[in-house]
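The next block holds one structure in the form of structure tokens; read it before the comments.
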Amino acid sequence: MKFSLIYILAFFVFLSGLTAQEKNEIQISGSFHNLTFPEFASQLEQQYQLHFYFEDKWVNSLVVNLEAEKLTIPALMEKLLLPTLLDFVYQPPGTIFILPDKKFIHQLPEYYLSSSGLDSTQNQQRSLTEMEQKYLLGRQPDRIKTIVIGSWDKAKAGKMAVVTGKLTDEETGEALMGAIIYVPELQKGAASDANGFATLTLKPGIYAVAFQYLGMSEVKGNLDVRSDGYFSVTLKKQFHAIDEVLVHGQKAQKRSSKLGMENVSVKTMKELPTLMGEKDVMKVAQMLPGIVSVGEGSAGVNVRGGNADQNLFYLNEIPVYNSSHLFGFFSSINSDIINNFTIYKGQIPAEYGGRLSSVFNVELRKGHKNSFFTQGGISPVSANAEIEIPVVKEKASLILSGRSSYSDWILKRLKDPNLRNSKASFYDFAGSFDYNLNDKNQINILAYNSNDNFNLNGYTEYAYGNLGASVNYVHRFSPGLKSSVSAIGSNYNFETIEKSSASKAYSHSYELSHYEFRGSMSWMANEHHNFKVGTDLIMYDLNRGIINPYGEESLRPSVNLGTEKGLETSVFVDDNISLGPRLNFYAGLRFSMFTELGPKTVREYLPGTSFSDTNVSSTKDYQNGDRISNYNSPELRAGMDFKISENNSVKLSFTQMTQYVFMLSNSISIAPNDQWKLVDTHIKPPTSEQYSAGYYQDFRKHGLSASFELYFKQAHHVVEYKDGADFLASPYVETAILQGDQNAYGAEFMLSKTTGRLTGWLSYTHSRSFITVNGENDWADINQGKKYPSNYDKPHVLNTFLNLEISRRFALSSNLSYSTGRPVTLPQSVYYIDEQPFVEYSGRNEYRIPDYLRLDVALRIEGNLKVKKPMHSYWTIGVYNLTGRSNANSIFFLSEKGRLNGYKYSVIGVPILTISWNWKLGNYENN
């Protein structure tokens with residue numbers, strides 16, 4: 001009866017107050033923590049002369065934790081009661097009625113008489129009232145009905161509900177990665193993963209919610225959260241058929257707590273000027289701070305002072321051991337099928353291991369599940385095409401992509417006569433099948449292959465390729481608990497024929513097989529903790545091949561480099577911890593183990609002597625599967641993110657890494673005949689510790705963001721090569737290498753602009769990398785035991801990228817790249833003993849080649865922007881190396897007429913003009 005009286009009284013008081021004037025509106029300020037609602041109401045009644053009416057049973061479970069600053073009574077009550085099923089009525093100046101449900105009508109509808117019988121002025125068309133506009137807005141297509149999640153009988157008192165939503169493209173059925181679910185009232189949001197799932201923890205209640213994705217219309221609605229549960233939402237493409245408008249949006253996502261993480265935009269791949277007009281994800285990565293190109297026409301990158309073999313490349317969990325085409329001119333991954341590209345170079349999650357410097361994680365698109373789609377392009381050196389087929393509507397899709405070169409004309413434009421008379425070709429293929437069995441089970445199958453062939457002026461022939469496949473199964477036990485299981489296979493192989501000297505000509509084949517099983521379980525325990533545990537099992541099988549003499553004139557002896565096997569296992573656990581709205585922590589532990597397996601013959605050397613053929617004391621033979629050596633390493637990971645305000649934050653991190661496979665190379669870049677090698681009895685696994693700190697600032701008014709990061713990295717047992725090391729002369733690699741310590745440190749700055757017609761960024765990296773190899777004896781030293789710059793030490797690197805949207809159809813872009821020349825060791829003098837000349841060299845890496853500078857420009861021309869059209873295309877006209885600068889790639893010396901003359905070797909020393917054409921089904925907005 002009491003409830004009925006309060007409800008009736010509230011209703012009549014509400015009617016009487018419709019015309020009341022709030023001349024002196026009350027505003028509430030203060031901090032309220034861990035108060036029951038009666039305590040909260042009593043406190044306000046004493047301070048502000050308010051009067052609350054409610055029954056205790058309605059508010060028993062309501063605990064008040066609130067920061068208020070000049071909040072009006074209605075705003076205060078909406079903020080307090082939004083997560084509950086309670087409602088209120090406010091009668092100025094100070095009466096508040098609390099009601100037990102959301103059914104109370106706060107505003108009466110307006111009623112209008114029929115226009116019949118009225119005069120002409122009254123019969124004119126009436127403009128819509130504000131309430132009517134809101135009513136119609138609520139019926140527009142971008143709004144959805146209230147989504148009920150879970151049920152009250154499954155709700156647990158005092159427990160947050162874990163809510164998982166799947167966001168998909170309404171037209172294609174493709175899962176949207178990076179879509180946002182945002183609850184404005186709580187200023188809380190989550191981004192969807194590669195399968196389109198986003199998870200939030202919410203207190204049971206009704207919430208206004210917005211669903212957002214770049215290029216799609218925002219969808220608004222309500223979530224009626226009762227317990228843990230799932231829901232799904234589809235978003236529509238947003239077509240711009242009006243003049244340019246400025247859209248303001250709220251920040252829907254907290255900054256990641258991972259320091260040193262970079263995301264490469266798929267849109268930027270299209271805009272960045274590149275050689276031959278090829279969209280290239282790796283060229284975009286090299287424009288970011290801390291990621292330095294090895295050199296023009298060279299494969300691999302150096303990340304934060306690390307060697308090129310210290311980076312791990314994943315393609316949908318498939319490790320790619322050579323990620324380049326044509327010696328590094330192009331990436332071996334077709335950018336058209338990339339959905340997300342993430343680079344970890346600072347705080348690396350515990351689920352990743354095996355390299356000291358970075359992880360490059362490429363995730364491919366899931367494919368259209370509702371309609372057929374195709375796209376492709378033609379450049380001066382290659383053509384590519386991609387098709388997406390809905391196998392089962394809204395459930396299964398198939399993606400097939402291929403790319404192949406068809407011309408060697410680029411080589412004809414180069415200065416080097418050996419390159420002008422050479423031939424090169426490449427291709428790559430990827431096929432992906434994605435099947436959503438239901439909301440709880442998904443399976444993805446990927447097959448990948450890339451291949452290169454190169455003939456250097458008839459003297460040297462290279463052929464190398466990657467072959468890989470993966471099967472991934474994801475199961476969701478509940479909205480907050482999911483598992484992922486993957487089976488992965490990868491193969492890298494090459495064949496080399498070297499015949500530049502007939503007496504030394506040889507052939508060599510190499511093969512590395514990688515078989516992996518990965519399993520993980522992630523659990524969102526509550527809104528403050530997100531756990532992930534997992535395991536990794538990798539079997540390596542290397543056949544280093546046989547060096548055979550090539551041709552009848554070759555005097556090269558045959559050498560069997562042998563085979564190697566190794567088993568790498570690891571377990572990991574990590575936890576993302578939120579301590580309030582400002583402070584986030586990340587803690588992780590990875591424990592890795594490596595076992596060297598037979599068959600193999602292992603040498604034992606005399607104690608206190610160098611590893612050389614003359615110091616062998618005995619050998620030991622191991623049979624297939626025998627354990628030879630064992631290593632294990634705990635790897636700690638930790639990070640902290642403190643949000644100073646809405647626009648700036650500070651981050652700290654600590655990362656330990658261990659590497660069990662490295663590369664044997666006599667060059668600074670990854671060459672086709674470089675051999676991957678496992679650690680063994682005599683070669684210890686390299687390890688590293690990295691300390692990082694960063695400051696981040698957003699200037700929202702101007703659409704700018706800035707970041708500044710510092711790092712210091714120590715590495716131990718890094719592999720360095722003795723002078724004159726030859727990895728083809730003996731299977732015993734330990735005789736050609738030494739291991740030492742590396743110190744790398746640096747500062748990275750980036751300023752980016754992402755809004756307006758002019759977008760782009762400026763990145764600057766200052767980094768140093770030094771190595772010390774100082775053993776107990778002279779034979780264990782390099783550079784007399786003194787520290788020296790590593791081969792990849794480049795103190796200054798500056799990159800700028802600008803893109804100007806002249807109009808919807810025309811865009812002009814440019815990038816400028818500058819870097820300090822890399823270190824080299826040069827001859828300083830010649831002396832004679834018994835009339836035999838001997839060259840005296842400088843200290844290791846004591847000199848540098850000239851600095852590198854290159855400017856590129858490109859003009860992108862879109863086709864017409866009609867909404868209804870079967871196909872859209874665009875042209876790109878670009879100039880690579882606009883100034884025609886001859887950048888030195890290396891320095892070499894020739895003995896000419898009794899003199900030793902030095903020469904600068906440049907790969908590309910002329911401007912290269914290219915035109916490319918790209919097309920896709922549908923209109924300009926369709927992807």
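The values are calculated or read from the model by the stated rules, or taken from the named source; none is laboratory data. Given the structure is predicted, the values throughout are model-derived calculations rather than measurements. For neighbour counting, all protein chains shown are included, and Cβ atoms are generated from backbone atoms with ideal geometry for every residue, glycine included.
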Condition first: of a type in the set (Val, Ile, Thr), at pLDDT 95 or above and surrounded by fewer than 20 Cβ atoms within 10 Å (Cβ to Cβ). Now tell me which residues in the stretch 481-508 satisfy that.
VAL485
Need the failing condition index for ASN666 against (1) farther than 25 Å from GLY300 by Cβ; (2) touching a strand residue (DSSP E or B) at 6+ places or on another chain (Cβ under 9 Å); (3) modelled with pLDDT under 95; (4) not hydrophobic (A, V, I, L, M, F, W, C), just the number.
(1)
For the stretch 683-723, which positions are in contact with a Leu (Cβ under 7 Å, 6 or more places away or on another chain), assigned to a loop (DSSP other than H, G, I, E, B) and at pLDDT below 95?
LYS722
Just checking, how many residues over the stretch 83-113 are assigned to a loop (DSSP other than H, G, I, E, B), at pLDDT 50 or above and not small (Gly, Ala, Ser)?
13
Can you pull out the residues in the stretch 49-63 that are modelled with pLDDT under 85 and not acidic (Asp, Glu)?
GLN49, LYS57, TRP58, VAL59, ASN60, SER61, LEU62, VAL63
Quick test for you: out of ALA155, ALA179, ALA75, pick the one residue that is closer than 30 Å to SER371 by Cβ, out of contact with any helix residue (DSSP H, G or I) (no Cβ under 6 Å at 6 or more places or on another chain) and either surrounded by 11 or more Cβ atoms within 10 Å (Cβ to Cβ) or modelled with pLDDT of 80 or more (or both).
ALA179
Of the residues that make up the stretch 541-551, is at least one under 27 Å from GLY458 (Cβ atoms), free of Cβ contacts under 8 Å to residues at least 12 places away in the same chain and more than 28 Å from the chain's Cα centre (by Cα)?
no
Answer yes or no: is there a residue in the stretch 874-886 that is surrounded by fewer than 14 Cβ atoms within 10 Å (Cβ to Cβ) and at pLDDT 85 or above.
yes
Residue list for the stretch 474-524, filter: small (Gly, Ala, Ser) and either more than 26 Å from ILE318 (Cβ to Cβ) or outside the structural domain of GLY534 (by TED's automatic domain parsing) (or both):
SER478, GLY480, SER500, SER501, ALA502, SER503, ALA505, SER507
Of all residues in the stretch 825-879, how many are farther than 30 Å from LYS787 by Cα, in a strand (DSSP E or B) and touching a Gly at 6+ places or on another chain (Cβ under 8 Å)?
10
Within the stretch 204-223, the count of residues that are outside any loop (DSSP other than H, G, I, E, B) and more than 10 Å from LYS236 (Cβ to Cβ) comes to 12
Selection status of GLU552, assigned by TED's automatic domain parsing to the domain that holds LEU664, among the acidic types (Asp, Glu) and at pLDDT 95 or above
no
GLU317: passes all of (1) in contact (Cβ under 8 Å) with a residue 40 or more places away in the chain; (2) under 24 Å from the mean Cα position of the chain (by Cα); (3) more than 23 Å from VAL474 (Cβ to Cβ) but (3)
Among SER520, SER486, which is the only one that is out of contact with any Gly (no Cβ under 7 Å at 6 or more places or on another chain) and either part of a strand (DSSP E or B) or without any contact (Cβ under 8 Å) to a residue 40 or more places away in the chain (or both)?
SER486
Can you tell which of ILE891, ILE915 is in a strand (DSSP E or B), exposed (fewer than 15 other Cβ atoms within 10 Å of the Cβ) and among the β-branched types (Val, Ile, Thr)?
ILE915
I'd like to know if the stretch 471-481 contains one or more residues that are in contact with a helix residue (DSSP H, G or I) (Cβ under 8 Å, 6 or more places away or on another chain) and not in a strand (DSSP E or B).
no
Of the candidates PHE433, PHE477, PHE426, PHE454, the one satisfying the condition of being within 16 Å of PHE327 (Cα to Cα), at pLDDT 90 or above and hydrophobic (A, V, I, L, M, F, W, C) is PHE426
Could you please let me know if LYS794 is in contact with a Ser or Thr (Cβ under 8 Å, 6 or more places away or on another chain) and not in a strand (DSSP E or B)?
yes
Identify all residues within the stretch 436-468 that are touching a strand residue (DSSP E or B) at 6+ places or on another chain (Cβ under 8 Å), surrounded by fewer than 19 Cβ atoms within 10 Å (Cβ to Cβ) and over 30 Å from LYS423 (Cβ atoms); write none if there are none.
LEU437, ASP439, LYS440, ASN441, ILE443, ILE445
Hey, SER520 hits all of (1) out of contact with any Lys or Arg (no Cβ under 7 Å at 6 or more places or on another chain); (2) closer than 30 Å to LYS188 by Cα but one; which does it fall short on?
(1)
With the structure loaded, tell me whether SER554 is touching a helix residue (DSSP H, G or I) at 6+ places or on another chain (Cβ under 7 Å), surrounded by 17 or more Cβ atoms within 10 Å (Cβ to Cβ) and among the hydroxyl-bearing types (Ser, Thr, Tyr) or whether it fails that test.
yes
Taking only the stretch 851-862 into account, find how many residues are farther than 17 Å from LEU816 by Cβ and at pLDDT 90 or above.
2
Please determine whether any residue of the stretch 574-585 is surrounded by fewer than 18 Cβ atoms within 10 Å (Cβ to Cβ), touching a Phe, Trp or Tyr at 6+ places or on another chain (Cβ under 7 Å), of a type in the set (Gly, Ala, Ser) and under 21 Å from HIS528 (Cβ atoms).
no
Per-region count, the stretch 724-753, residues crowded, with 19+ Cβ neighbours inside 10 Å, of a type in the set (A, V, I, L, M) and part of a strand (DSSP E or B)
4
Give the stretch 161-180 a look and list any residue that's under 26 Å from PRO204 (Cα atoms) and charged (D, E, K, R), or say none.
LYS166
Using the structure shown, decide if LEU812 is of a type in the set (A, V, I, L, M), within 22 Å of ASN889 (Cβ to Cβ) and part of a strand (DSSP E or B).
no
